[in-house]
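This report concerns only the one structure given below.
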Amino acid sequence: DGGITQSPKYLFRKEGQNVTLSCEQNLNHDAMYWYRQDPGQGLRLIYYSQIVNDFQKGDIAEGYSVSREKKESFPLTVTSAQKNPTAFYLCASSITGWTNTEAFFGQGTRLTVV
Amino acid sequence: RKEVEQDPGPFNVPEGATVAFNCTYSNSASQSFFWYRQDCRKEPKLLMSVYSSGNEDGRFTAQLNRASQYISLLIRDSKLSDSATYLCVVNEVGNAGNMLTFGGGTRLMVKP
């Protein structure tokens, strides 16, 4: 079955550590996105990528980094520079172009700093 | 000013009620529009796309008003299971490709 998979589902990080969240899709989508969601809040865009080897900063990119070496994969690294990383992280993908494109989401990774 | 704005709610309604949400967007170049549903601690899932002529899916009706730059979602005969957060999503297509922008969500609570 085609889909988008995030791992791990739960992640605990000590202060000062970098952690990497995985996002893989087998939908053959060109575009991939990372969002952050805090309790009771909407989704805020961290980074997005429209094509392999290219990505752009979203609204809250500081303290995060990404790579897009393969079409299927868009990992997100939460660095020690991110001052308040505890949140729910959602990865999404979509096709690109002048069509009515919906986004498909992974099940999310809940990151907690301990 | 936020690009996509929604009333955060919560909207507290009794079962069987009709409830409507609006969402405004600022970019007139926006190409397509969606409503997503998000349950607590889960990922958003597509509820319905919004077409220029308006579209209906069972108890749910979506409308688009390009002139006033808003979309709406109407839920008739509300069920307890409709309790969730409803996210408005706008897809802008530009030189850099697609950009999906989410509203902050509107929380609906349907009470017995």
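Is it fair to say residue B:67 is hydrophobic (A, V, I, L, M, F, W, C) and in contact with a strand residue (DSSP E or B) (Cβ under 9 Å, 6 or more places away or on another chain)? No, not satisfied. Screening the candidates B:33, B:11 for the property of being hydrophobic (A, V, I, L, M, F, W, C) and within 14 Å of chain A (Cβ to nearest Cβ) yields one hit, B:33.
Filter region A:33-52 for residues that are polar (S, T, N, Q) and more than 17 Å from residue A:77 (Cβ to Cβ); which is surrounded by the most Cβ atoms within 10 Å (Cβ to Cβ)? Show your work before the answer.
Of region A:33-52, the ones polar (S, T, N, Q) are A:37, A:41, A:49-50.
From the residues that got through so far, the ones that are more than 17 Å from residue A:77 (Cβ to Cβ) too are A:37, A:41, A:50.
Working: A:37: 21, A:41: 13, A:50: 19.
Result: A:37.
For (1) touching a Gly at 6+ places or on another chain (Cβ under 7 Å); (2) away from chain A (no Cβ under 14 Å); (3) open to solvent by 40 Å² or more (accessible area, probe 1.4 Å), each residue gets a yes or a no:
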{"position": "B:37", "(1), (2), (3)": "no, no, yes"}
{"position": "B:44", "(1), (2), (3)": "no, no, no"}
{"position": "B:53", "(1), (2), (3)": "no, no, yes"}
{"position": "B:67", "(1), (2), (3)": "no, yes, yes"}
{"position": "B:73", "(1), (2), (3)": "no, yes, no"}
{"position": "B:77", "(1), (2), (3)": "yes, yes, yes"}
{"position": "B:84", "(1), (2), (3)": "no, no, no"}
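Take the residues of region B:65-83 that are part of a strand (DSSP E or B) and among the polar types (S, T, N, Q): which is farthest from residue B:16 (Cα to Cα)? The residue in question is B:65.
The values are calculated or read from the model by the stated rules, or taken from the named source; none is laboratory data. The model shown is predicted, which means the values in this text are computed figures rather than measured ones. Neighbour counts run over all protein chains shown; Cβ positions are idealised from the backbone, glycine included. Ligands, DNA and RNA are excluded from the accessible area calculation, which covers all protein heavy atoms including side chains. Shrake-Rupley method; radii C 1.70, N 1.55, O 1.52, S 1.80 Å.
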